[in-house]
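In what follows, a structure is listed as structure tokens, so that the remarks can point back to it.
The values are calculated or read from the model by the stated rules, or taken from the named source; none is laboratory data. This one's a predicted model, so the numbers in the text were calculated from it and none came from an experiment. Using ideal geometry, Cβ is built from the backbone for each residue, glycine included, and neighbour counts are taken over all protein chains shown.
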Amino acid sequence: MQRWIIHVDMDAFFAAVEQRDNPELRGCPVIIGGTGPRGVVATASYEARKFGVHSAMSSLEARRRCPQGIFLPADHEKYSRVSQEILHIFADFSPLVEPLSLDEAFLDVTGMEGLFASPVDIAVKIKARIKAELDLTASAGVAPNKFLAKLASDMNKPDGLMVIRPEEITNILADLPVNRLWGVGKTTAQILIKLGLKTIGQVAQAEPELLAKHCGQLGHTLHQLANGQDSRLVESEWQPKSIGKEITFTKDLTALEDLKTELWSQVEKVGWRLRRQKLSGRTITIKIRFASFRTITRSRTLAVAASLDETLYHVAEEIVSKVALNEGVRLLGVTVSGLVAAGGQMSLFDQGDEKAAAVAQAIDKVKERFGEAAVTRGRSMIARQR
């Protein structure tokens, strides 16, 4: 049986939601992300993209390129609600749905021909439902595997639909640049180009041993992808590999106590998101970027996974306290990985701390009902005011 995968990618999702909810923003260059001088663009509307604004660009550069742009802070709680509505639509077309982020997902529609005319018909109906029910547009790619489906969804944006059939794979991939291969970033692209491999078709014809020699294990994967081969399954029981939060300060922090205050604010957000998804994590990683842009990461792994704010902060604070603050800190981030389903044995630090667990449960109930910003600890208020 021919395998068919659909990749659905919302068009300029954050910006599109804001334009939908505020008609005055429609047709305007809307830029979502950090609104301060050190902010970073999360999403730009297609009107803003005409000026060269794109995600991950600094807000300063975005303002330089698009001075008439309308800058808005990201409302992740609202975007998450809309994302859930999109997932409910997907569930009507396939039981195998793998979200990649708030605005994109894979669907395995293999064998669904008995319910729908074709895989393409499913993609058309999904796009129509999203437009009719949510007043948003999505682009979709239909192909025999994940790599090709994701590649296809990006080819005719916005509001696009692209199909890659088995007999078309070689011709479609042949002249595409190597950076369109999954896993090829700037460094790997430079390596391939130095080898004289500028297109996916050239990578497909290269010797796998040559690619492995210069790109390591990734070389074998690149050779398979370049030949249109990808055996990855759509994982419907998907869960994140890590949950984190980071912030770029409007003014560099130089005092350890100030850094610890911000650290608590970050940990509180991460802990809430872990517990909300019924997850715990074993590895706590701290990311610090100094004023000179020198960036370091430090990690510690617990014997048993944890999710309580106090536990996570205890470990994170120990890590931060050992970092030499010879210059101001520009960015601070906290990430918890090694995630497992919550429940069972508590972490070594959590054991016996029923009071902390009870407080967390009470706070979580308030947040669940009234939103994440409804309640916070006193120390986080200082960070919020800053």
>> Return the residues of the range 103-120 that are farther than 18 Å from SER231 by Cβ and under 28 Å from the mean Cα position of the chain (by Cα); say none if nothing qualifies.
In response: ASP103, GLU104, ALA105, PRO119, VAL120
> Tally time: how many residues in the range 276-290 are over 15 Å from GLY333 (Cα atoms) and surrounded by fewer than 21 Cβ atoms within 10 Å (Cβ to Cβ)?
Replying inline: 5
>> Name the residue that is surrounded by the most Cβ atoms within 10 Å (Cβ to Cβ), counting only residues in the range 302-326 that are part of a loop (DSSP other than H, G, I, E, B) and under 25 Å from the mean Cα position of the chain (by Cα).
In response: SER307
> For SER347, which of the numbered conditions (1) surrounded by 14 or more Cβ atoms within 10 Å (Cβ to Cβ); (2) part of a helix (DSSP H, G or I); (3) among the polar types (S, T, N, Q); (4) modelled with pLDDT under 90 fails to hold?
Replying inline: (2)
> Does any residue of the range 246-255 turn out to be under 30 Å from HIS314 (Cβ atoms), in contact with a strand residue (DSSP E or B) (Cβ under 9 Å, 6 or more places away or on another chain) and part of a loop (DSSP other than H, G, I, E, B)?
Replying inline: yes
> Listed residues VAL142, VAL178, VAL184; which is crowded, with 20+ Cβ neighbours inside 10 Å, touching a Ser or Thr at 6+ places or on another chain (Cβ under 7 Å), β-branched (Val, Ile, Thr) and under 30 Å from ALA42 (Cβ atoms)?
Replying inline: VAL178
> Out of (1) without any contact (Cβ under 8 Å) to a residue 24 or more places away in the chain; (2) assigned to a helix (DSSP H, G or I); (3) small (Gly, Ala, Ser); (4) farther than 23 Å from ALA42 by Cα, what's the single condition that is false for ALA149?
Replying inline: (1)
> Do any strands (runs of 3 or more DSSP E) lying entirely in the range 66-131 carry at least 1 residues that are surrounded by 12 or more Cβ atoms within 10 Å (Cβ to Cβ) and free of Cβ contacts under 8 Å to residues at least 40 places away in the same chain, and which ones are they?
Replying inline: 97-101
>> Can you tell me which of (1) assigned to a helix (DSSP H, G or I); (2) of a type in the set (A, V, I, L, M, F, W, C); (3) within 20 Å of PRO158 (Cα to Cα) is the one PHE51 doesn't meet?
In response: (1)
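A quick yes/no check of all residues on (1) farther than 25 Å from ALA105 by Cα; (2) among the polar types (S, T, N, Q); (3) buried (at least 17 other Cβ atoms within 10 Å of the Cβ); (4) free of Cβ contacts under 8 Å to residues at least 12 places away in the same chain:
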| site | (1), (2), (3), (4) |
| --- | --- |
| GLY201 | yes, no, yes, no |
| HIS223 | no, no, yes, no |
| ASP230 | no, no, yes, no |
| GLN266 | yes, yes, yes, no |
>> I'd like the full set of residues that are in contact with a Lys or Arg (Cβ under 8 Å, 6 or more places away or on another chain) and closer than 30 Å to VAL234 by Cα, limited to the range 53-103.
In response: ILE89, ASP92, PHE93
